[in-house]
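The values are calculated or read from the model by the stated rules, or taken from the named source; none is laboratory data. All of these numbers come straight from a predicted model, not from anything done at the bench. For neighbour counting, all protein chains shown are included, and Cβ atoms are generated from backbone atoms with ideal geometry for every residue, glycine included.
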Amino acid sequence: MFTNHIDSTEYYSLAVNTKIVNHKSLILVLKSFITSITKQKINQSNREYPTSRKPNSMIPFTDKVVDSEVLQKAIDRYREKGVILPTFAQMQNPELVPDKIKEKLKTIGLWDLHPLNLFRITWKNEPKALGGLYGKPNYIELPKALTGIDARIVVMLGKWFPTGAHKVGAAYGCLAPRIITGQFDPSYHKAVWPSTGNYCRGGAFDSYLMDVTAVAILPEEMSKERFSWLREIGAEVIATPGCESNVKEIYDKCWEIKRTRKDCMVFNQFEEFGNSCWHYEVTGHAVEEVYKDVAGKDSQMSAYISATGSAGTIAAGDYLRTKFPHLKVVASEALQCPTLLRNGFGGHRIEGIGDKHVPWIHNVKNTNVVTAIDDEYCMRLLRLFNEKEGHEYLAANGVDRETLAKLDMIGISGIGNILSAIKTAKHFDMTADDVIITIATDSAEMYGSRLEELTADRGKYTVLQAAKDHEKCMFGTTPDYMKDLTYDDQKAIHNLKYFTWIEQQEKDVEDLRQLWDDRHIWPKIFSQPARWDEMINEFNDRTGLLK
Ligand SMILES: Cc1ncc(COP(=O)(O)O)c(C=O)c1O
């Protein structure tokens, strides 16, 4: 009976004409009127989005050219600078990379600031510092002598991405779609990368390769290695107050930049679906491939574990659940900042995760379990994995040489993920048939100064200390501080987004509802890379660099 275009007088006369005169009915009529006004407001605001929106959808999609002049400028510039953009399909399956690019990569180092290193944004780089091509995704399976459990724990290694962390992928997933749709002019815009570390580094690296000026924003207490590398690569570096979990301060800086620097485009990884789309498409498939590689006759892919920072990496779980519907997707966080577990807050030492809020891009309906890991356990195991005495102890207790040689490929959050895997295996009574796959976003290479600080603080590492650390922190990990999420728990976590995204970051509450209510919205979001690939191919055709 009511339409969106009815006005208040019409409502009143409708009420009278239909003899709706009692208070209850009038309230109902007014409610309908307010709903209709809200809908009109949403319809109007839809028109203001620069990106196109699908019918019946309010979340913006990046699937059309927004400004063809800006796009042409980018094409001309990239032709001149020799920048070719890889497709998501090529990052997923580098066999598709043209031979002439592969040939040139043979003389290019993994971290070199060379535009062709965009073709090394993949899990499948040969583990080589110079001239590597492609093989299987990089991973390590941890033996029972190390983990103490029967369930199999496999760790994907981000170390073999340029910059030593997979965040170059998340950053590419954000920047490339803006370029191919003519929203970002590399000759004018600067790309702002707010993060607690690796995403800044990935963004700055990709920017350099894509001939874009980068602005990195990160908390002042992050490790020295992160700051010095960013400065070396020529990014403008802005340090915000606090540590790992002071993300609000980073957001405040972003708003200041948005207000005052028109040439800056902020790529906020916590709200950019390009981040989660990259992981869905690239990490998701890589994990599936690793599972196929390790699976035995009776194996099952039982859990995928990801520590959540921006909740990009955990989106690989969304892909995996389309293949293994019974899979548990587990989000880990620091016990010192248990936001998902108990709306908690606090500083912690697991760099890269746990930012006292729920990222906009986190599809919480697809997260089954939350675990909180004591950061002290991570720091003790960082020493065990990287000190000579630690290896001596582990070797004497049955850990093979090959595994020992790879333990330095796992950074602090990766150690947290292993502990989360142990908790998950113990909680769900998993056996040797159960395969748990998790992620080491980066390696110990990023935490040299942390190891030095630990030695300065606690004295030289000893075999006795190694024994204590292994027993207590690995074998002694118990299925506490974790939650097997019910529908209500998931919804409570999703609702927590309100306070960051609606109250502080000016998102539309209807979009928040859509992310929960519309069962088609996440598949649609994750289907964008197919369209981006078409546009990337067209872009490369127009630069003519692949001819
Ligand atoms: C070391 C480390 N671990 C884990 C994460 C979390 O990954 P995501 O942001 O995809 O949730 C990050 C993110 O930057 C990180 O740098």
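Would you check if there is a residue in segment 463-482 being within 16 Å of the ligand (Cβ to nearest atom) and surrounded by 14 or more Cβ atoms within 10 Å (Cβ to Cβ)?
No, there is no match, as no residue in segment 463-482 is within 16 Å of the ligand (Cβ to nearest atom) and surrounded by 14 or more Cβ atoms within 10 Å (Cβ to Cβ).
For segment 335-343, state whether one or more residues are among the hydroxyl-bearing types (Ser, Thr, Tyr), within 16 Å of the ligand (Cβ to nearest atom), more than 19 Å from Lys497 (Cβ to Cβ) and buried (at least 18 other Cβ atoms within 10 Å of the Cβ).
Within segment 335-343 (the criterion being among the hydroxyl-bearing types (Ser, Thr, Tyr), within 16 Å of the ligand (Cβ to nearest atom), more than 19 Å from Lys497 (Cβ to Cβ) and buried (at least 18 other Cβ atoms within 10 Å of the Cβ)), the answer is no, since none of the residues qualifies.
Do we find that Gly284 is within 16 Å of the ligand (Cβ to nearest atom) and among the small types (Gly, Ala, Ser) in this structure? Give the steps one after another, and end with the answer.
Numbers: within 16 Å of the ligand (Cβ to nearest atom): yes; among the small types (Gly, Ala, Ser): yes.
Taking the combined requirement at face value, the residue satisfies it.
Report, by residue number, each residue of segment 141-165 that is within 13 Å of the ligand (Cβ to nearest atom) and out of contact with any Phe, Trp or Tyr (no Cβ under 7 Å at 6 or more places or on another chain).
The answer is Gly158, Lys159, Phe161, Gly164, Ala165.
Can you tell me how many residues in segment 468-505 are over 21 Å from Thr339 (Cα atoms) and touching a helix residue (DSSP H, G or I) at 6+ places or on another chain (Cβ under 9 Å)?
Going through segment 468-505 one residue at a time, the tally reaches 8.
Going by the conditions given, is Thr431 in the same structural domain as Asp150 (by TED's automatic domain parsing), in a helix (DSSP H, G or I) and away from the ligand (no atom under 16 Å from the Cβ)?
So Thr431 does not fit the description; no.
Can you run down the residue pairs with Cβ atoms below 6 Å, 6 or more apart or on separate chains, where the first is in segment 385-396 and surrounded by 14 or more Cβ atoms within 10 Å (Cβ to Cβ) and the partner is not in a helix (DSSP H, G or I)?
As it stands, the answer is Glu387/Tyr461; Glu389/Tyr461; Glu389/Thr462, since those pairs meet every condition given.
Each row is one residue, and each column tells you yes or no for (1) of a type outside the set (Asp, Glu); (2) surrounded by fewer than 20 Cβ atoms within 10 Å (Cβ to Cβ); (3) more than 15 Å from the ligand (Cβ to nearest atom).
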{"residue": "Pro241", "(1), (2), (3)": "yes, yes, yes"}
{"residue": "Val247", "(1), (2), (3)": "yes, no, no"}
{"residue": "Thr260", "(1), (2), (3)": "yes, yes, yes"}
{"residue": "Asn268", "(1), (2), (3)": "yes, no, no"}
{"residue": "Trp278", "(1), (2), (3)": "yes, no, no"}
{"residue": "Ala303", "(1), (2), (3)": "yes, no, yes"}
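Quick check on Ile422: is it closer than 18 Å to Val370 by Cα, touching a strand residue (DSSP E or B) at 6+ places or on another chain (Cβ under 9 Å) and within 16 Å of the ligand (Cβ to nearest atom)?
Working: closer than 18 Å to Val370 by Cα: yes; touching a strand residue (DSSP E or B) at 6+ places or on another chain (Cβ under 9 Å): yes; within 16 Å of the ligand (Cβ to nearest atom): no.
Spelling it out, it is not the case that Ile422 is closer than 18 Å to Val370 by Cα, touching a strand residue (DSSP E or B) at 6+ places or on another chain (Cβ under 9 Å) and within 16 Å of the ligand (Cβ to nearest atom).
Being under 24 Å from Gly284 (Cβ atoms) and modelled with pLDDT of 95 or more is the requirement here; does Glu333 meet it?
Against the criterion (under 24 Å from Gly284 (Cβ atoms) and modelled with pLDDT of 95 or more), Glu333 qualifies.
Given the options Lys497, Lys483, Lys507, Lys491, name the one that is in contact with a strand residue (DSSP E or B) (Cβ under 9 Å, 6 or more places away or on another chain), in contact (Cβ under 8 Å) with a residue 24 or more places away in the chain and among the basic types (Lys, Arg). Quick ask: steps written out before the conclusion?
Values: Lys497 fails: in contact with a strand residue (DSSP E or B) (Cβ under 9 Å, 6 or more places away or on another chain); Lys507 fails: in contact with a strand residue (DSSP E or B) (Cβ under 9 Å, 6 or more places away or on another chain); Lys491 fails: in contact with a strand residue (DSSP E or B) (Cβ under 9 Å, 6 or more places away or on another chain).
Answer to the selection: Lys483.
Restricting attention to helices (runs of 4 or more DSSP H) lying wholly within segment 52-136, give those where 2 or more residues are surrounded by 21 or more Cβ atoms within 10 Å (Cβ to Cβ) and not polar (S, T, N, Q).
On the way: elements: 68-81, 88-92, 99-105.
Passing ranges, in order: 68-81, 88-92.
Tell me the residue from Leu515, Leu546 that is farther than 30 Å from Arg226 by Cα and at pLDDT below 95, please.
Checking each option against the conditions leaves just Leu546.
Considering only residues of segment 182-206 that are surrounded by 24 or more Cβ atoms within 10 Å (Cβ to Cβ) and out of contact with any helix residue (DSSP H, G or I) (no Cβ under 7 Å at 6 or more places or on another chain), which is modelled with the highest pLDDT?
Ser195
Count, please, the residues in segment 404-419 that happen to be more than 10 Å from the ligand (Cβ to nearest atom), farther than 20 Å from Ile149 by Cα and crowded, with 24+ Cβ neighbours inside 10 Å. Steps first, please.
Taking segment 404-419 first, the residues more than 10 Å from the ligand (Cβ to nearest atom) are 404-410, 415, 418-419.
Among the residues that remain, those that are also farther than 20 Å from Ile149 by Cα are: 405, 408-409.
Narrowing further to those that are crowded, with 24+ Cβ neighbours inside 10 Å: none.
Number of matching residues: 0.
Considering only segment 443-461, I want to know if a residue exists there that is surrounded by 14 or more Cβ atoms within 10 Å (Cβ to Cβ), within 16 Å of the ligand (Cβ to nearest atom) and closer than 25 Å to Leu327 by Cβ.
No: segment 443-461 contains no residue that is surrounded by 14 or more Cβ atoms within 10 Å (Cβ to Cβ), within 16 Å of the ligand (Cβ to nearest atom) and closer than 25 Å to Leu327 by Cβ.
Could you list all residues from segment 181-201 that are within 9 Å of the ligand (Cβ to nearest atom) and touching a residue at least 40 places away in the same chain (Cβ under 8 Å)? Walk me through it before giving the result.
Within segment 181-201, the first condition is being within 9 Å of the ligand (Cβ to nearest atom), and the residues that meet it are 195-201.
The answer is Ser195, Thr196, Gly197, Asn198, Tyr199.
Which residue is surrounded by the most Cβ atoms within 10 Å (Cβ to Cβ), if the candidates are limited to segment 346-384 and must be under 23 Å from the mean Cα position of the chain (by Cα), at pLDDT 95 or above and away from the ligand (no atom under 16 Å from the Cβ)?
So, considering only residues that are under 23 Å from the mean Cα position of the chain (by Cα), at pLDDT 95 or above and away from the ligand (no atom under 16 Å from the Cβ), the one surrounded by the most Cβ atoms within 10 Å (Cβ to Cβ) is Asn368.
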